[in-house]
Each structure stands twice: as C-alpha cells, then as structure tokens.
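First the structure, in the form of structure tokens, and then the observations on it.
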Amino acid sequence: MQAVFEYTRDTIAAFREAGVLPDMVQPGNEVSNGMLWPYGRLPGNWDNFVDLVKAGINGVDAGRGNQQRP
C-alpha cells in the first residue's frame, strides 16, 4: 500500500508541478480481476484490493497539494 500511495502521490505532484494536473484520475479503472496480483487478486482478496484502491486515492489527494481535487 505504501508503494502505491507514494507512486501515485509523486506522479500527481509531477503533473501539478508541470502545470498539467489532470481533470480526472481513475484509481482502480479496469480492474475486474483485481490488481497487483497476487496481493490484490479478485475475488479472493477483497480487503487487500480495497486497501490498494484507497492508497491510490489518498496518493492523488496528497499529490495535488492545494489544487482542486481531480
């Protein structure tokens, strides 16, 4: 979760610093089978999957600084 948070935070911060903060970010888009297998593989690891998605969402919020939330 920490790696997902940090990667997402740093990526969004780089966009912000470049003046190209996106209007929309979709953490967990196209993930019907989960993500980051085996840890977030679905259907068997729902709790882990939810934690990974939340880490991505929190990373977006941390990276945007004081800008409007995408």
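The values are calculated or read from the model by the stated rules, or taken from the named source; none is laboratory data. Quick caveat: nothing in here was measured; it's all calculated off a predicted structure. Neighbour counts run over all protein chains shown; Cβ positions are idealised from the backbone, glycine included. For the accessible areas, the whole protein counts, side chains as well, though only heavy atoms, and no ligand, DNA or RNA atoms are used. Shrake-Rupley method; radii C 1.70, N 1.55, O 1.52, S 1.80 Å.
Brief remarks follow.
- Looking across segment 17-54 at every residue that is part of a strand (DSSP E or B) and farther than 25 Å from ARG69 by Cβ, the one that is most open to solvent (accessible area, probe 1.4 Å) is identified as ARG41.
- Answer from ALA3, ALA18, ALA55 - the residue that is in contact (Cβ under 8 Å) with a residue 12 or more places away in the chain and not charged (D, E, K, R): ALA55
- Screening GLY28 against (1) touching a Phe, Trp or Tyr at 6+ places or on another chain (Cβ under 9 Å); (2) at pLDDT 95 or above leaves a single unmet condition, (2).
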